[in-house]
Amino acid sequence: MTTTQHESNDESSEQDSGRKTKDKTIGQVLSHLEESFPDLSASKIRFLEDRGLVFPQRTNTGYRKYSSEDIERLRTVLTLQRDQYLPLKVIKAKVDELERQGFPESGSEAGEPGGEVPAVKARPQQPRRYTMRELSRHTSVDLPMLRELINYGLIQEQSDGTFDEYAAQVTNLCSQLTAHGLQPRHLRPFRAAADREVALVGQTIAPMASRRDEESQEKASRTARELSALCTNLHATLVADLVEKSW
């Protein structure tokens, strides 16, 4: 049984005064937000959790459960990131302040018009793209380092010469690592490991991905996201275990 199936069963078994809980699994959160944030993935939600931007509850069996307040907080974080291009540290401060004030209803504005806190009305929008200079300004990483990241395969330029939001996230993470003395050339193993993990995911979903019907394609996509999240969590846990036992 898959993680998603476990979470669905776990959700159906939890009751509050005889009613099923309204909290959502991570898969349901993705479905809820996919119209406004088509590039959103489970791994990104978990990344935001790791950075202290969202705090889902855990069930007795360890699965994440997102309340309506968690989802509104996540929506606000994603909207500020998408529309304002703010660093996560700044976004966290803004969202913490909004949470203290009480989040507005979904689709309404956060804060007074023209105020310091920007509007957070969700709306369908094309995924953000950056030119190299825009990426440099957005991440505060200079052009020479961006070129190194490209040369070592850590970020990829699209066919139209732009970079996507994943490239921006990778650039930010690489920048933080270089602040500790690492150089882009030292980070190449991360790309190699990611390529190997994606190849493993591809082999696993190949039978369903080869079918052309819409249901199979959707199932393949969901399974690929789930497997990628599990691979990421396994990698992070193994590294954390070795660090804990080494230092």
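The values are calculated or read from the model by the stated rules, or taken from the named source; none is laboratory data. Quantities reported herein were computed from a predicted structural model and do not represent experimental measurements. A quick note on method: Cβ atoms are made from the backbone with ideal geometry, for glycine too, and the neighbour counts reach across all protein chains shown. Areas reflect the complete protein model, heavy atoms only, side chains present, ligands, DNA and RNA absent. Shrake-Rupley method; radii C 1.70, N 1.55, O 1.52, S 1.80 Å.
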Checklist entry - For all pairs of alpha-carbon atoms in region 165-208, what percent lies in each bin of width 10 Å, listed from the first bin to the last filled one? => result 24, 40, 24, 10, 1
Next on the checklist: Could you give the length gained by full extension between Lys89 and Ala179, i.e. 0.36 nm per residue of separation minus their alpha carbon distance, to one decimal place?
Outcome noted: 30.8 nm
Next on the checklist: Please list, short to long, the whole-number percent of alpha-carbon pairs of region 127-247 in consecutive 5 angstrom bins beginning at zero.
Outcome noted: 2, 10, 16, 17, 17, 16, 12, 7, 3, 1, 0
Next on the checklist: Largest first and in whole Å, what are the equivalent-ellipsoid semi-axes of region 121-195 based on the Cα gyration tensor, each being the root of 5 times an eigenvalue?
Outcome noted: 22, 14, 12
Checklist entry - Which value, in Å² rounded to 10, gives the accessible area of Lys245 with a 1.4 Å probe and all protein chains present? => result 150 Å²
Next on the checklist: So the label point goes 7 Å from the Cα of Leu238 along Cα→C-beta, right? Which residues of region 176-220 then have their backbone N under 19 Å from it?
Outcome noted: 187-205
